[in-house]
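None of the figures in this text is laboratory data; all of them are computed from the coordinates on show. Quantities reported herein were computed from a predicted structural model and do not represent experimental measurements. Here the Cβ is made from the backbone with ideal geometry for all residues, glycine too, and neighbour counts use every protein chain on show.
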Amino acid sequence: MIFDIINKKEHKKQLSYEELSFFFNGYLKGEITDDDMTKLLKAIMKNNLSIREIYDLTDIFIKSGDILTIPIDSCVDKHSTGGIGDKTTLIVAPIVASLGIYMPKLSGRGLGYTGGTIDKLESIGVNTNLTEEEFINGVKKIGFSITGQTKNLCPMDKKIYALRDVTNTTENIGLIATSIMSKKIAGGAKNIVIDLKVGNGALIKNKKDAKKLAKIMINIGKKYNRKVVCVLTDMNSPLGSNIGNLLEVKEAVLVLNNKVRNKLYDLCVYLSSVIVEVGLNISFNSAKEKVIDAIESGKAYKKFLDFIEYQNGDLSLLEKRQEGYQVLATKSGYIKNIDALKIGILSMNLGAGRKNKDDKIDFEAGIVLNKQVGEYVKENDLLCTLYGKDEFFQDINQYFEIVNRKPKNKNIVISIIR
Ligand code: URA
C-alpha cells in the first residue's frame, strides 16, 4: 500500500481521501518512515496536488489535533508566509488590539533563513509557553496574546513541516496552502488576513504563483466558513532595517513609537487597516485613519507594554550594546535592491537563525541596514553593520545593487485578493 501510493503520485495520479489519510496519519503515528514520506513529498513537488487533494489533505491535517474555539467576536488572525526582517506581528497586533480587535496569535519559530515571532519574543524574555487558559485570558484582557503552537494543534503540520524543511520540499503551493490553512482553521479565528510574501527572500518567488496560492487559501476558508483576505507583498529586499531577533524587536518598538517611516511602517499600516476594516466592518480609509491615530497617540505602544507585562518580557534587554562589523560602501549611487535571500542566509550564519532544528540561536546576532532601497549612498558611507559570529564578518557590498539613476519607488503592497 505504501509503495502503491508513492507510485501513484509519481505517475501523476490523484490520491483518494483514504489514501492520503492512511499515508499522513501513518506518518504521524510513526508507522511510515521519514524516507517514505520524503518520497511522497518529492512526488508531490514534481506532480503537484489537485484542488480536491489539497482540500482533503487540509481536512486531514486539521483533524490530526484539537480545534480551538475562541469565545470572542471581532477576532482576526494574521499570518505571514515568512520573509527576512519580518517583524510585522509585533507591530500590527498591538495596533489592532488598541482599536478593539482581538488577535489570538499562535506563532512559530524560525527555521532556516526566515525568522519566527516566538524567537523574537524570547530574545526579550517573553513567556511564549502559555497554557490555553492563560492564552485566552491574555486575548480577553489585552486584546492579543502570542504563544507557541500548543502540542495538540495540527501536530501533523508540525511533523511534516519539519521534514519539508530538511528535504527541500517547502516550495510547493499545495503543501503551503494545506500547512497554513489547517493551522489557521484549527486556531479558531473566523477572519484571517494573510501577508503573502513574494520575491527572492520568500517561499513564493513570483506573482502568478502567489495569486494561485491566494485563491486556493480563500476557497479553503470558504469551506470552513472563514473569511480569508490575502495581501501580496514584496520580499525581494529585507523588510525594514533590522534583521535578527533582538534587533527586530528594537525596530518594532521604534515603529510603535512613531519614529520610523519606511516600507515596514507602510506595510504595518496597510495590514492593520485591512484587519480593522474586516474586524470592525468599516471602510478601509476610516480603518487607516484609526490605525495612524493609534500609532501617533501612543495607544498602540501602550498595548505592547501591557502585553510585555502580561507575558513577563523584559524591555531592558533592548539596551544591550555590542561590537559589530561595519561595512562601508565601495561606490556611490542609488540603492536599487538589497538581496533579501543573501541577507537572510548571512544573518542565519551569524547566529540569528537555525540551520538545523536543534541549533541554539544567538538573540543578539543579525544585521542592521543603514541604508534602504531608493536611498543615495556615497562611497565610504556606512551600508550596514553585522553582529554575531565574527568568522562570518565580511564585506557584503555585492548584496547591494547600486545604480546611477534613482530607481522608481516600488510599493511594498503588490495587490490584495479577497
Ligand atoms: N508557512 C507555513 O505555515 N507553512 C508553509 O508551508 C509555508 C509557510
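A quick yes/no check of all residues on (1) of a type in the set (Asp, Glu); (2) within 12 Å of the ligand (Cβ to nearest atom); (3) touching a strand residue (DSSP E or B) at 6+ places or on another chain (Cβ under 6 Å):
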{"site": "Pro155", "(1), (2), (3)": "no, no, no"}
{"site": "Leu163", "(1), (2), (3)": "no, yes, no"}
{"site": "Thr169", "(1), (2), (3)": "no, yes, no"}
{"site": "Ile176", "(1), (2), (3)": "no, yes, no"}
{"site": "Met181", "(1), (2), (3)": "no, yes, no"}
{"site": "Val193", "(1), (2), (3)": "no, no, yes"}
{"site": "Ile204", "(1), (2), (3)": "no, yes, yes"}
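In the range 319-335, the residue that is farthest from Glu391 (Cα to Cα) out of those that are surrounded by fewer than 18 Cβ atoms within 10 Å (Cβ to Cβ) and within 26 Å of the chain's Cα centre (by Cα) is Glu319. What are the residues in the range 288-314 that are without any contact (Cβ under 8 Å) to a residue 24 or more places away in the chain and hydrophobic (A, V, I, L, M, F, W, C), if any? Ile292, Leu305, listed by residue number. Scanning the range 47-97 for residues that are under 18 Å from Gly148 (Cβ atoms), within 14 Å of the ligand (Cβ to nearest atom) and among the small types (Gly, Ala, Ser) turns up Ser80, Gly82.
What do you reckon, is Asp73 of a type in the set (Asp, Glu) and free of Cβ contacts under 8 Å to residues at least 40 places away in the same chain? Full working, then the answer.
Numbers: of a type in the set (Asp, Glu): yes; free of Cβ contacts under 8 Å to residues at least 40 places away in the same chain: yes.
Yes, satisfied.
Selection of first residues in the range 184-203 that are farther than 20 Å from Thr233 by Cα and of second residues that are outside any strand (DSSP E or B) and within 13 Å of the ligand (Cβ to nearest atom), restricted to Cβ pairs under 6 Å at least 6 apart or on distinct chains, gives the following pairs, ordered by first then second residue: Ala186/Leu153; Ala186/Cys154. Taking the range 27-48 as the range and being closer than 16 Å to Lys158 by Cβ and in a helix (DSSP H, G or I) as the test, the residues that pass are Tyr27, Leu28, Asp34, Met37, Leu41. Residues in the range 185-198 that are buried (at least 23 other Cβ atoms within 10 Å of the Cβ) and either within 19 Å of Asp86 (Cα to Cα) or among the charged types (D, E, K, R) (or both): Ile192, Val193, Ile194, Asp195, Leu196, Lys197, Val198. Taking residues in the range 156-180 that are closer than 17 Å to Arg354 by Cα, and partners anywhere that are of a type in the set (Val, Ile, Thr) and within 7 Å of the ligand (Cβ to nearest atom), the pairs with Cβ atoms closer than 8 Å and at least 6 places apart or on different chains are Arg164/Thr170; Thr170/Ile176.
Of the residues Lys87, Lys105, which is buried (at least 24 other Cβ atoms within 10 Å of the Cβ) and either in contact (Cβ under 8 Å) with a residue 60 or more places away in the chain or closer than 20 Å to Lys140 by Cα (or both)?
Working: Lys105 fails: buried (at least 24 other Cβ atoms within 10 Å of the Cβ).
Result: Lys87 is the single residue among Lys87, Lys105 that is buried (at least 24 other Cβ atoms within 10 Å of the Cβ) and either in contact (Cβ under 8 Å) with a residue 60 or more places away in the chain or closer than 20 Å to Lys140 by Cα (or both).
Just the residues that are in a strand (DSSP E or B) and under 24 Å from Glu364 (Cβ atoms), please, taken from the range 378-403. First the steps, then the outcome.
First, pick out the residues of the range 378-403 that are in a strand (DSSP E or B): 382-387, 400-403.
Leu382, Leu383, Cys384, Thr385, Leu386, Tyr387, Phe400, listed by residue number.
Quick one: Asn129 ticks every box in (1) in contact (Cβ under 8 Å) with a residue 40 or more places away in the chain; (2) away from the ligand (no atom under 16 Å from the Cβ); (3) polar (S, T, N, Q) bar one, so which box is it? Only one criterion in (1) in contact (Cβ under 8 Å) with a residue 40 or more places away in the chain; (2) away from the ligand (no atom under 16 Å from the Cβ); (3) polar (S, T, N, Q) is unmet by Asn129, namely (1). Contact map, the range 394-418: first residue surrounded by 12 or more Cβ atoms within 10 Å (Cβ to Cβ), second residue acidic (Asp, Glu) and assigned to a loop (DSSP other than H, G, I, E, B), Cβ cut-off under 6 Å, separation 6 or more or different chains; pairs are Tyr399/Asp339.
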